[in-house]
Every structure is written in structure tokens, then in C-alpha cells.
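> Let me begin by handing over the structure; questions about it come next.
The values are calculated or read from the model by the stated rules, or taken from the named source; none is laboratory data. Since the structure is predicted, the reported quantities are computational estimates derived from the model, not experimental observations. With ideal geometry, Cβ positions are generated from the backbone for all residues, glycine too; neighbour counts draw on all protein chains shown.
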Amino acid sequence: MRLPSRIFFVFVCLLVSAPVWAQAGPLAYVSTGASSPSQIYSLNTGPGGATTLLVSTNGADYEGLVVGPDNNSADNALVVPIRNVVYACSTNNSTIVRFDAAAVSLVANPEIIYQGGAALKHPQCGRITASGDLIVTSKDSGPDGGWWIFPGIAGKALGGAGIQSPTQLTSTPGSVDQGIALKNIGDLLIVDNANNRVFRSPGPLYSAESLSVFISSGLSSPFGIARRSDGQIYVSNQVKGPFIEHFDATGKVVTACSSLGFSNKTTLNMMQMSPGDTLFVAGATGNAPSSGALFQVDASPGTGCLSLTQTFSPGLPPLVGVALALPNFSASRALSIPAAGGNATANFGYAAFEVVEASGSCSLNVTATPTPPALLSSIGSVPTTAAPAADEGWDGFETVLDTTVLESPPGCLAVSDGQFHYVFATFVPLSVTNPETISCSTQDNTTTCIVAALEAAYPLGGILPADLGTRSGKGTSACKIFVANSTAAAKNNEAGTFCGYESPVNNTFLGQPASTLPVGNQLNVKFKLAFAPPNGNCQNGPYITDATALLSVAQIADAKGNPIFVPMTIVLGGVVSPFYSPDKTSQQYAAKWDTSQCILPSGVTEDCPLGTYSLTTVFTSNNTSFPPDSIYTTQTTLLTIGKH
């Protein structure tokens, strides 16, 4: 079972002003399906709702659309505004095209990347993964249906990729697969129109062995699907209404919110959620040839339930597909902390930001922007040894956060050290083996970036409900921050095997029961690290004694078993430090955790609260996991702190 990994960082923003990266308006791209000719338009979702015809093809049936980044290095002189690469599936003739919506030559003649030639028939677009793969479903109900992947297509030069050969990920005989959404951790949610259900397929393999039915009730001829910032889910249904049904992050109908119904003359098709929790739904308001409509729905958690806010009726044929130019849909959240101080959280769907340990009144504005990874690579002072780390959920884009203090900066700082403390939560793919946080600030038109070292990891719990992932840091309170993957050469290139926690800590990942520890004691956490086979083994060694390892502790349930997430700053051997101490004599790594001195997020030091804790060891020396080093090989066990 793959566990999501959350990383805790420390860094300092150098300056107080952040660079502005130019963007175009909030454009949506819409398709007209089997109309003759089949067309794709851009639609400005700002004032006026102006449309521009991009593609018009006789005999096509453009339905599903998805916008991805251009990850090809040869293309990246990095034009501004940001390039949006639109992928479109023509379901009737088994064709997939793509084009740069701002390049007239490529729009007039969209690049064909698939035209039959394999078992994939009737493709329906689709999602882009963090690795730049295109995933599509098939409307074919036979064994060649299911979903398919075009590996690495976002890294192939526009206009020069040629015809691609997809690979079938999963076959779903009897289903008619339509819309796709992504959970925060990269799992696919796929609508089965024929059987009124939604599949879930865990990434990154999306195999038949891991496939399950995620939603099996509340649907009536479902078509599109989208996911809200807090993990809640919406599905468009084409009959008995039509209507949009609302599910929680576990796939259960939200009974507190009735379905959002529409007129019987309305058609609802594909959907996509913006980073600001605005749901866009392609459809039509009637049967007339020019009844096409794009519905804008407020899905923000603050409202609780869906609310139709605007309908764009641009005089087009009925609309089937919709895709958002994600970099143009930045979302902002204002955070306000009262005079008593405390914490405040902003959620952006595939990333979240939480101010912690504020000492008093503090007002903060946080903006999240899905950004092409190549744009981050081009910033002047970003180290050449840092590669982008795209989010699992934003179609190959990466979340960049801007933080700006609005008032009372001293109140934003913690009493303990006068620093600005926060949690930056996001989720990165398996390919990110050595994550690091980068912060960039600008002064006199010069952008300066710094890299922070890893401080801790929390594979269980976090601030993204039901879709978990967390990173933390502290520094000054205004900067641009994002995650990168260090490609620097390993300091110690020794493949190692983690030999398990030693008594009194049990290894729950091996099926052992959780250890129980009386509160107020010191717990000696120990382990050995052997050279990986064939050079060594845990029983006889030889052992690695020069690794760097961090201990991370978080409370994930209270004394009654209720799920919570409280990352702890811990005292090891009388010192506030996350590092193990290696002992070359015993060939062990040891950390004495004093459970009478847990430093809570508020900054208060007290006995560690009673409940269940995750205890995680993560290595930062790139020599310590077998198979190859990855943040997903962190070793997490559970233990319970109880009364004496």
C-alpha cells in the first residue's frame, strides 16, 4: 500500500516583495461535440464572456478537453503570457489533437497525436499527470474500453510529437467511461455512465488489481466529475433532472445539501473545478442549435452547498467539454487571526497553507497559482540542481504560493523565536525522491531564491481533509514558495535497508501492535541501517553508520480515538532537534524522545497529549533506502501515549 508523504521544511524568505508573473485572462476552453462542424472555442469567464473560435473540423466530435503545461525544454524560451496546451478528444473517429491556444498556426492546424492505430477506440479526454502523461478514458464498452495512458506527452515538442501509441491501464468491460477527476493523492475518479457509478483507481499504476467502485448511489446517467478543495466531489447527471450530485471525500452523498437541479430542457456534460472552488459545467439551456451554455457554480466550502452564480450563453451549439487555463485562475484567501493568536488555514484543492503559532492579531493574504514547471525552472537564481515537482492533481502544473502580510506583522510572528511559522501542504509524485522547498523574493527587479533543508516528514495526517499531504516551514511573512526535487549528486551513495525499529518501539507496518508509552517518560527510538543486498543484510550487516536521519512525531488521534493532526516539535536528549545521533560503536541510530516536553503548534511546551502518534524516520543523505531512495520509503510506525 502506498502511503502519501508529507514533508516539513524550514526556510527563510529573503525579502518582502514577490515577483509578478504575467498572465492572461481567466479563459475556459469549450467544445461543441458532434455539431457540424465540431468546434473548440476559448471563452473569457471574466466580464463580457467573449468567445474566440480556435478549431473547426468537419466530421469530428470534440468532447473531453484538458489543458496541460508545455514541458518540452526546446519550447521553453518561456513566452508570456503562459502557454496553455489544449488536448481534445474526437470520440467518433478515435482522434486526439493538441494545440497552443495562443499560436494561430497550431490552432488552425491542431497537431494530431493519435488517430486510431491501436485498440483504443472512442477516446474521451482526460487528465494530465504530474509526470506529463495524458490519461484518457474510452466510451467503448468492450474489452478495449477502460482507460489509457500516453506517457510523457507534455514533454514532447508541440507540432513534432508525431502519432503516439497509448498503453491500456485498465479494462472495464460493460462500462462506458466518461469524465475524470483526480484525488489530491493522484488517484483517478472515473465516471461509468452505463452503470451509474464512479470508479477509483490509485496512482501511479492505475491497475485493475487496485480498481474499486468509489460511488455507487445517487447517480443517474452521470457524465462529468470534479473535486473541491476539501476533497468533496460533484458529478453531473443527465436524466431525472438533470442535476449535480454532491458527495463527500469518501464518496458518500452529502445529505445536508440537496442536489443542484436544472430545468428539464438543460443539458449537463463535462465539468472542471477552479483553484478557487468555482465549478464550471459545459452544457446547454435547450434544444435550439445555439443553446450552448457554460454554467458557473459557486462550490466554495464557505457556502456549504452548490449555488448557480452565472450562465454564459454565447450563442454557440450545445457544449460538451470544458477545460480551464489553470495558470489564469489564481485563487486568493484572506486569513485573519485574532488578538489571542493561534492558527488559520487556507485550502486550495491540491495545496494548503496554514499559519501556526501566531502570537497575536495578524491578517494575511495567500494566493495560489497553478504554474507550468518550466517557468519555475527558468527563474534566474533557482539552483540548477533543483527540478520542478508538479502537484499530483493540477494536470501537470505546480502550485506556487504568494504570501503577503496585510497588517500587524508582529502578530504573525511566534513568541518562541520571533519567526513566521506556517505549514505548506501539497502532494508530489513518486518521481520526487529528494524534495526541497524554494522561496523567491524580488527587489530592484532581481529575483533571489533560496533552498531549505528537509526537517521532518509526516506520512499520516495533515491539513488536506481525506486527501492528505503536508509541508511546513518558518521564515519571514512575504515570499513566493514552491517545491522542487533536488537532483544534486548524493553525498553518500550507499543503498541501504532500514532494519526496523528496535524495542521498545514496535513496527506496526509489519503487523505488530502499537507500542504503549506512559506519558512523561523518555522513549529511546533506535534502529540499524544495513547495506542493501547483495552487499549486506539486517541480520549480519555490514551497517551504514554515516547517514543523516530525522525523527518526526505527530498526534493523529486523541485519547478517544478521534482523528486529528497535530505535528509536534520534539525534544531529543534535552535539545530541540529532529536529528538522530549515530553511534559507530553500536552501529545504531538513537533518539531519546522526551514525552514530557512536546512543543505544540501554539508554542506551548507540555506533556505530550494522550492519544495515538505517528513516528516517522526519514533520511536526508540519499544513501538510505532500497529500492532507490524516495520520500515514499520513509518508515512510519504508530504508538500510543497513555496514562502512567
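Residues checked against (1) touching a residue at least 60 places away in the same chain (Cβ under 8 Å); (2) under 22 Å from ALA389 (Cβ atoms); (3) among the acidic types (Asp, Glu):
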| site | (1), (2), (3) |
| --- | --- |
| GLN124 | yes, no, no |
| LYS139 | no, no, no |
| LEU158 | yes, no, no |
| ILE163 | no, no, no |
| LEU189 | no, no, no |
| ASP192 | no, no, yes |
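> Which one of TYR87, TYR114 is within 24 Å of SER35 (Cα to Cα), buried (at least 24 other Cβ atoms within 10 Å of the Cβ), touching a Lys or Arg at 6+ places or on another chain (Cβ under 7 Å) and not small (Gly, Ala, Ser)?
TYR87
> Another one. Just the residues that are in a strand (DSSP E or B), farther than 15 Å from LEU294 by Cα and touching a residue at least 60 places away in the same chain (Cβ under 8 Å), please, taken from segment 243-269.
Passing the criteria: only HIS246.
> Right, something else. Can you say whether ALA549 is farther than 17 Å from THR497 by Cα, surrounded by 21 or more Cβ atoms within 10 Å (Cβ to Cβ) and in the same structural domain as LEU638 (by TED's automatic domain parsing), as far as the supplied structure shows?
The answer is no for ALA549.
> Same structure, new question: Which one of the conditions (1) under 23 Å from TYR543 (Cβ atoms); (2) modelled with pLDDT of 70 or more; (3) surrounded by 18 or more Cβ atoms within 10 Å (Cβ to Cβ) does ALA590 fail to meet, given that it meets all the rest?
If we test ALA590 against (1) under 23 Å from TYR543 (Cβ atoms); (2) modelled with pLDDT of 70 or more; (3) surrounded by 18 or more Cβ atoms within 10 Å (Cβ to Cβ), just (3) comes out false.
> Working only within segment 216-248, note down all residues that are under 20 Å from GLY126 (Cβ atoms) and crowded, with 23+ Cβ neighbours inside 10 Å.
PRO222, PHE223, GLY224, ILE225, ALA226, ARG227, ILE233, TYR234, VAL235, SER236
> Return yes or no: is VAL571 of a type in the set (A, V, I, L, M), out of contact with any strand residue (DSSP E or B) (no Cβ under 9 Å at 6 or more places or on another chain) and modelled with pLDDT under 90?
Here the answer is no, as VAL571 does not meet what is asked.
Residue-by-condition table, conditions (1) within 18 Å of ASP583 (Cα to Cα); (2) modelled with pLDDT of 90 or more; (3) surrounded by fewer than 19 Cβ atoms within 10 Å (Cβ to Cβ); (4) in contact with a helix residue (DSSP H, G or I) (Cβ under 8 Å, 6 or more places away or on another chain):
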residue: ALA514; (1), (2), (3), (4): no, yes, yes, yes
residue: VAL519; (1), (2), (3), (4): no, no, yes, no
residue: VAL525; (1), (2), (3), (4): yes, yes, no, no
residue: ASN535; (1), (2), (3), (4): no, no, yes, no
residue: TYR543; (1), (2), (3), (4): yes, yes, no, no
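> Could you list, in sequence order, all residues of segment 326-348 that are farther than 20 Å from CYS412 by Cβ and over 17 Å from the mean Cα position of the chain (by Cα)? Walk me through how you get there before you give the answer.
Restricting attention to segment 326-348, the residues satisfying the condition of being farther than 20 Å from CYS412 by Cβ are 326-331.
Residue satisfying the conditions is ASN328 alone.
> Output the qualifying pairs, or none if there are none: Cβ atoms under 6 angstrom, residues six or more apart or on different chains, first residue in segment 497-511 and within 21 Å of ILE544 (Cβ to Cβ), second residue among the basic types (Lys, Arg).
As it stands, the answer is CYS499/LYS528; GLU502/LYS526, since those pairs meet every condition given.
> Quick one: how many residues across segment 5-44 are modelled with pLDDT of 95 or more, part of a loop (DSSP other than H, G, I, E, B) and within 29 Å of the chain's Cα centre (by Cα)?
Of the residues in segment 5-44, 0 are modelled with pLDDT of 95 or more, part of a loop (DSSP other than H, G, I, E, B) and within 29 Å of the chain's Cα centre (by Cα).
> Hey, another quick one. When segment 171-214 is examined, which residues are found to be of a type in the set (Asp, Glu), buried (at least 18 other Cβ atoms within 10 Å of the Cβ) and under 14 Å from GLY146 (Cα atoms)?
Correct list: ASP177, ASP192.
> Within segment 423-444, is even one residue surrounded by fewer than 20 Cβ atoms within 10 Å (Cβ to Cβ), outside any loop (DSSP other than H, G, I, E, B) and modelled with pLDDT of 70 or more?
Among the residues of segment 423-444, not one is surrounded by fewer than 20 Cβ atoms within 10 Å (Cβ to Cβ), outside any loop (DSSP other than H, G, I, E, B) and modelled with pLDDT of 70 or more, which makes the answer no.
> Being in the same structural domain as ALA368 (by TED's automatic domain parsing), among the charged types (D, E, K, R) and either within 30 Å of CYS449 (Cβ to Cβ) or loosely packed, with under 14 Cβ neighbours inside 10 Å (or both) narrows it down to one residue among LYS560, LYS480; which is it?
Step by step, each of LYS560, LYS480 is checked, and only LYS480 is in the same structural domain as ALA368 (by TED's automatic domain parsing), among the charged types (D, E, K, R) and either within 30 Å of CYS449 (Cβ to Cβ) or loosely packed, with under 14 Cβ neighbours inside 10 Å (or both).
> With respect to ALA554, is the statement that it is more than 17 Å from GLU494 (Cβ to Cβ) and out of contact with any Asp or Glu (no Cβ under 7 Å at 6 or more places or on another chain) true?
yes
> Go over the candidates LEU335, LEU364 one by one and state the one that is more than 21 Å from SER236 (Cα to Cα), of a type in the set (A, V, I, L, M) and touching a helix residue (DSSP H, G or I) at 6+ places or on another chain (Cβ under 7 Å).
LEU364
> May I pose another question? For segment 287-311, name all the residues that are assigned to a strand (DSSP E or B), more than 16 Å from ASN44 (Cα to Cα) and not aliphatic (A, V, I, L, M).
We begin by selecting, within segment 287-311, every residue assigned to a strand (DSSP E or B); these are 292-298, 307-311.
Next, from what is left, pick out any that are more than 16 Å from ASN44 (Cα to Cα): 298, 307-308.
Within segment 287-311, ASP298, SER307 qualify.
> I'd like to check which strands (runs of 3 or more DSSP E) are fully inside segment 117-221 and have at least 2 residues that are in contact with a strand residue (DSSP E or B) (Cβ under 9 Å, 6 or more places away or on another chain) and farther than 16 Å from ILE96 by Cα.
Answer list for segment 117-221: 167-170, 177-182, 188-192, 197-201, 212-215.
> Any residue at all in segment 360-371 that's touching a strand residue (DSSP E or B) at 6+ places or on another chain (Cβ under 6 Å), under 20 Å from THR447 (Cβ atoms), of a type outside the set (S, T, N, Q) and at pLDDT below 80?
no
> Where residues in segment 290-310 are without any contact (Cβ under 8 Å) to a residue 60 or more places away in the chain and closer than 15 Å to TYR29 by Cα, which of them is farthest from the chain's Cα centre (by Cα)?
Checking each candidate, the answer is ALA293.
> Considering only segment 552-588, state which residues are in contact with a Leu (Cβ under 7 Å, 6 or more places away or on another chain) and farther than 18 Å from GLU606 by Cβ.
Correct list: ILE556, PRO578, PHE579, TYR580.
> Out of the residues in segment 45-71 meeting the condition of being farther than 18 Å from ILE112 by Cβ and in a loop (DSSP other than H, G, I, E, B), tell me which one is nearest to the chain's Cα centre (by Cα).
Among residues in segment 45-71 that are farther than 18 Å from ILE112 by Cβ and in a loop (DSSP other than H, G, I, E, B), the one nearest to the chain's Cα centre (by Cα) is PRO69.
> Could you check GLY159 against (1) surrounded by 16 or more Cβ atoms within 10 Å (Cβ to Cβ); (2) at pLDDT below 90; (3) more than 26 Å from SER56 (Cβ to Cβ); (4) not basic (Lys, Arg) and say which number it fails?
If we test GLY159 against (1) surrounded by 16 or more Cβ atoms within 10 Å (Cβ to Cβ); (2) at pLDDT below 90; (3) more than 26 Å from SER56 (Cβ to Cβ); (4) not basic (Lys, Arg), just (3) comes out false.
> A follow-up question, please. Considering only segment 321-336, I want to know if a residue exists there that is free of Cβ contacts under 8 Å to residues at least 24 places away in the same chain and not assigned by TED's automatic domain parsing to the domain that holds GLU436.
Within segment 321-336, none of the residues are free of Cβ contacts under 8 Å to residues at least 24 places away in the same chain and not assigned by TED's automatic domain parsing to the domain that holds GLU436.
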